[in-house]
Amino acid sequence: MTTTARPGGDGDAGRDRTVPWFPDATVLGYPRIGANRELKKAVEAFWAGRSELDDLLAALESLRRETRGRLARLGLPPGDGSIPGDFSAYDHVLDAATTLGAVPERFADLVAEDGTVDLPGYFTLARGDGERAPLELTKWFDSNYHYLVPEIGPDTPLRYGDDRLIFKFLEAAADGVTTRPVIVGPVTFLLLSKPAAGAPAGFHPLDRLDDAVAAYADQLRALGVAGAPWLQLDEPALVSDAWDVPRARVLAAAERAYGALAGELGRPERPALFVSAGYGPLGDALPVLARSAVEAVGLDLVRGPLPPAAELATLARKVVVAGVVDGRNVWRTDLDAALGVLERLRAGIGEGARVAVATSTSLLHVPHDAAREKHLSRELRGWLAFADQKVEEVLLLADAVAGGREAVATRLAEAAAARRARRAHPGVRRAGVRERLAALTDAAFARAPYPERRAAQEARLGLPALPTTTIGSFPQTAEIRRARAALRRGTMSEAEYRQAMRAEIEQVVRLQERLGLDVLVHGEAERNDMVQYFAELLDGFAATEHGWVQSYGSRCTRPAILWGDVARRGPMTVEWTGHAASLTDRPVKGMLTGPVTILAWSFVRDDQPPGETALQVALALRDEIADLEAAGIGIVQVDEPALRELLPLRAAERQDYLDWSVRAFRLATSGAPAHTQIHTHLCYSEFGAILGAIDRLDADVTSIEAARSRMEVLADIRRAGFGRQIGPGVYDIHSPRVPSVDELKELLATAVAAVPPGQLWVNPDCGLKTRGYEEVTAALEHLVAAAHAVRATL
Ligand code: GLN
Ligand code: ZN
C-alpha cells in the first residue's frame, strides 16, 4: 500500500494516524481533451474506422501519461495523491454509470457477464448505434459541459463490476505516480439520472440510493485493496436546490450515503474520502458532511462565501480543501484576496486546522495553457490563467500558507501588478460606452404597447395566418467550410470569400421562395459560430488559438474572451441580410445573437457584474438593429438559446439573474419602432422557471422547441396566458428524419387547439446548420404544405 504519511510521520487531520496525508495543493480535475485535442483525434479516428481498438487504447494511455507528466512538471508532487485521476474517454457521468453496470435495458447486451462494458460498448451508450437512441445529453450544472443522463428504473442493475478506475490508478502507479481517483458521488449520480422508460409513476432514481451505495461500497473496498490513499467523490448536486425532490430528501440521502460509505465502512478497508462539491456553496449540506466520517470536504470559495465560523469549527477534524482558484474562468486569481480567504478559513476552523489549497471546480472548463496564445497582446496574455497557470497559482498559494506571504512576496507583487495593469487598460473602461449606459432612462427598455405594434406590423408585413419561417441557419455545407478554411489559410481573398457567401445566400433565398416560405432568412452561411462571429466583430473580445474546452465527448469549443468594454466597430450583419432582402420581395428576417447567449458562450470578464457586461453587448446589438431597420429590414430575430442554461442553481439567485437578462434583451430590442417585428428563439421546451421572464422579454414572436415533446409545452404557454405570438417547432431538426405532411398537420392541429391561431407561427425547432440539404428541402416542403392545409381549415 502506498504510504503518504507526511515526512515526519503524522497522519492527516492531525489527530488520526491512519489517515493518509492530503496534499497541501491540488486541483479537482484537469482538462481531459489533451493540449492538442489528442482525445478528439484518437476517438474520432477509431469511430471512423481509421484506427483499431489497440491504437485507441494506446493513444488514451499516452494521453494520460502525458497529462500526469505535465502536472508533475508544473509542480504537483507525483507521490502524494495531488494529481487527480479524473481521465474519461467520453464523460465522467457515463463512467460512473458503466462502473455500476447501470445500463438501460435496450443496451443490456453491452454488459458482459462480469458486469463490465468494453470501450466500443461504452461509446455505443454515448452515441447510439442507428437503431438505439444514445443516452440523453444535457448540461452539467451551469457550465457548458454536457454529460450523459443515466436512466435508472426500479430494476436497473446497480452493481459494482467495472475496474476502469482501478485500472487507471494502477497504470499511474506503475509509472511512479500515486493519483487520487475521482468519481461522481452516489447522491449526485442519482440526482443527475432520469427515471428509465417504463418506471412506475412516482418513481425517482433516488429511490435506489441503498443499492447505489452498496455498489459504491464495493468499489471503495476494491480501491482500498489497490492501495489508493484518497478517493475524490464529486457531489456538486448538493449545492443546487433545483432538483425535483425536496431539499430535505437530498440532505437525507447525503447523510445516509456518507454514513454508510465513510462511517460503516472503515479505514483502511477503503481509501480516505474527499467529498468535493463545487459550482456553489454547500449551504445546509455542509453540516451533513461535517457530521459524517468523511476525511476531507471541499468548499467552493469562489462561488460561495466563507461558511459561518460556527460551521467551520465543526470541520476541525477534517481536511478542508479550499477552492479559492476559479475553475470556471480564465482570469488570473487575485492572490491577495485568496490568501485573505485562506487565512479567515483557517482562523474559523481554529486550532490545528488542516487546509489544502485547490481549484473551485475541475479545470475541465478552461483551456490548457495561456502561454501558448502568442498572438494575443502580451498584456492580455498576462491577465490570463488557463489550467496550467491555475495549477501554478494553487501551488503558490499553498507555499504562502505554509511559509507566510513573505516567502512568495515577489510573485505576489508581480501578480498584483498584472491585475493593476488590467484595471488601468484603456480598453477595459471605455468612456463612451460607460457614458451612454449611464445616460439610459427607462424609455430605452420599453417598446410601444403590443396591440399598437401588432397592428403596425400587420399593416407593414401583410402575412397570412400561420406564417411559415425558419430559425435562421441553413445547412453549413462542405463548400462553405472549405471557403472559410481557405480564407483563413490565405488561399482565398476576402473579396472572393464575400462573393462565395453572397452566392450561397442567393441560393438559400431562391430555395425558400421555391418552397413558399412566408418569412425568409439569409441562412447564416457567413457565421462560423453564432457567438464567435459577433465576438470577432466587437471591440472588447479576443479570440484564442488553442483555447479549446470540452463541450461533450470529443466535441470542443473555443470560447472568445470578453475582456473589456464592448463596442461595435460598425454594422455586423447588414451586408448579408441586406443582400438577401435585395433578392426578393418577401420579408427577410435579420438574425442576431442575444446578449445573454453571447455571455454564456464566452469567457466573461470577472471585474464587474455580468448584468453590466450584458448591457454593453445589448447596446451594440441595439445599434445593429437600428442599422438593419435603416436598411429596410422589417423583422429581426434575437436568439437567446442560452437564457435557460445560465439560470442559477440556487433559487434565491434566480430573480436577479432573470432581471438582468431581461433588461439586457429589452435594451437590445427596444429601439425598434412599432412596425418592426422582434422575434426571439429559445432552444428548449422546458420553461417552468422562466416562463415569466420570457413574457417580460416582450418579443413579438417567440419560437421554441416543441416537436420532440409533441407540443406538450403549449399547455404551459396557455396556462401562463402568454399573449403574443409563438412558433412552437414542428420539425425536430436533431435527427435526419423527414417528418411527413400528416404528422406535421397533426402537430399543427394540436397547436391550433391550444393557442389562438392568430398567435401561431409555423417553423422548425431550431436552426438547420447541422443538417443536409436533401432532408431539409423535403422537410420544409412538408412543413409549408401542412401549414397551408391547416390554414385552409381556419
Ligand atoms: N439562428 C440560429 C440558427 O438558426 C439559432 C441557433 C440556436 O438557437 N442555437 O442556427
Ligand atoms: Zn435553437
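One table, with the values for the structure above:
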{"quantity": "Any chance Leu780 is within 16 Å of ligand 1 (Cβ to nearest atom), within 33 Å of the chain's Cα centre (by Cα), closer than 21 Å to Val519 by Cα and part of a helix (DSSP H, G or I)", "calculated": "yes"}
{"quantity": "Residue ID - surrounded by the most Cβ atoms within 10 Å (Cβ to Cβ), chosen from residues in the stretch 600-613 that are under 18 Å from the mean Cα position of the chain (by Cα) and assigned to a helix (DSSP H, G or I)", "calculated": "Ala600"}
{"quantity": "Any hit, the stretch 758-768, residues being of a type in the set (Gly, Ala, Ser), outside any strand (DSSP E or B), more than 15 Å from ligand 2 (Cβ to nearest atom) and touching a helix residue (DSSP H, G or I) at 6+ places or on another chain (Cβ under 8 Å)", "calculated": "no"}
{"quantity": "Members of the stretch 637-655 that are modelled with pLDDT under 95 and within 16 Å of ligand 2 (Cβ to nearest atom)", "calculated": "Pro641, Ala642, Leu643, Arg644, Glu645, Leu646"}
{"quantity": "Check on Glu479, of a type in the set (D, E, K, R) and surrounded by 13 or more Cβ atoms within 10 Å (Cβ to Cβ)", "calculated": "no"}
{"quantity": "Search result, residues across the stretch 633-653 that are charged (D, E, K, R) and in contact (Cβ under 8 Å) with a residue 60 or more places away in the chain", "calculated": "Asp639, Glu645, Arg650"}
{"quantity": "Residue match in the stretch 37-44 (condition: in the same structural domain as Leu119 (by the TED database), closer than 30 Å to Arg132 by Cα and part of a loop (DSSP other than H, G, I, E, B))", "calculated": "yes"}
{"quantity": "Cross-chain or 6+ apart pairs with Cβ under 6 Å, the stretch 666-689 first and without any contact (Cβ under 8 Å) to a residue 40 or more places away in the chain and over 23 Å from Gln616 (Cβ atoms), then of a type in the set (D, E, K, R) and within 15 Å of ligand 1 (Cβ to nearest atom)", "calculated": "Ser685/Glu705"}
{"quantity": "Checking Ile733 against (1) more than 26 Å from the chain's Cα centre (by Cα); (2) within 14 Å of ligand 1 (Cβ to nearest atom); (3) modelled with pLDDT under 95; (4) hydrophobic (A, V, I, L, M, F, W, C), the condition it does not meet", "calculated": "(1)"}
{"quantity": "Residue among Glu653, Glu624 that alone is in a helix (DSSP H, G or I), away from ligand 1 (no atom under 16 Å from the Cβ) and out of contact with any helix residue (DSSP H, G or I) (no Cβ under 6 Å at 6 or more places or on another chain)", "calculated": "Glu653"}
{"quantity": "Among (1) among the aromatic types (Phe, Trp, Tyr); (2) over 25 Å from Val519 (Cβ atoms); (3) within 16 Å of ligand 2 (Cβ to nearest atom), the one test that Phe603 misses", "calculated": "(3)"}
{"quantity": "Criterion: closer than 16 Å to Thr179 by Cβ and touching a helix residue (DSSP H, G or I) at 6+ places or on another chain (Cβ under 6 Å) - qualifying residue of Ser82, Ser51, Ser88", "calculated": "Ser88"}
{"quantity": "Count - residues of the stretch 656-695 that are within 16 Å of ligand 2 (Cβ to nearest atom), assigned to a loop (DSSP other than H, G, I, E, B) and crowded, with 17+ Cβ neighbours inside 10 Å", "calculated": "4"}
{"quantity": "The stretch 674-698: number of residues that are within 16 Å of ligand 1 (Cβ to nearest atom) and small (Gly, Ala, Ser)", "calculated": "1"}
{"quantity": "Filter pass, Val790 being of a type in the set (A, V, I, L, M) and within 16 Å of ligand 1 (Cβ to nearest atom)", "calculated": "no"}
{"quantity": "Residue pairs meeting the criteria (Cβ under 8 Å; at least 6 apart or on separate chains; first of a type in the set (S, T, N, Q), in the stretch 41-57; second surrounded by 17 or more Cβ atoms within 10 Å (Cβ to Cβ))", "calculated": "Ser51/Ala42; Ser51/Ala59"}
{"quantity": "When residues of the stretch 555-584 are limited to those that are surrounded by fewer than 22 Cβ atoms within 10 Å (Cβ to Cβ) and of a type in the set (Gly, Ala, Ser), the one farthest from Val531 (Cα to Cα)", "calculated": "Ser582"}
{"quantity": "The stretch 711-747, residues that are buried (at least 16 other Cβ atoms within 10 Å of the Cβ) and either on the phi > 0 side of the Ramachandran plot or in a loop (DSSP other than H, G, I, E, B) (or both)", "calculated": "Met711, Phe722, Arg724, Asp732, Ile733, Val738, Pro739"}
{"quantity": "Residue tally, condition within 16 Å of ligand 1 (Cβ to nearest atom) and farther than 20 Å from Val617 by Cβ, over the stretch 427-480", "calculated": "10"}
{"quantity": "Given (1) closer than 20 Å to Met591 by Cα; (2) in the same structural domain as Leu667 (by the TED database); (3) within 15 Å of ligand 1 (Cβ to nearest atom); (4) out of contact with any Cys (no Cβ under 7 Å at 6 or more places or on another chain), index of the condition Ala707 fails", "calculated": "(1)"}
{"quantity": "Tyr279 vs. criteria in contact with a helix residue (DSSP H, G or I) (Cβ under 7 Å, 6 or more places away or on another chain), buried (at least 23 other Cβ atoms within 10 Å of the Cβ) and under 24 Å from Thr18 (Cα atoms)", "calculated": "no"}
{"quantity": "Pick from the stretch 436-480, criterion under 30 Å from the mean Cα position of the chain (by Cα) and in a loop (DSSP other than H, G, I, E, B), ranking: farthest from Thr702 (Cα to Cα)", "calculated": "Thr477"}
{"quantity": "Count of residues meeting criterion [in a helix (DSSP H, G or I) and surrounded by fewer than 18 Cβ atoms within 10 Å (Cβ to Cβ)] in the stretch 400-415", "calculated": "10"}
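The values are calculated or read from the model by the stated rules, or taken from the named source; none is laboratory data. As the structure is a computational prediction, the values presented were derived from the model and not from experiment. No Cβ is skipped: glycine too gets one built from the backbone with ideal geometry, and neighbour counts run over all protein chains shown.
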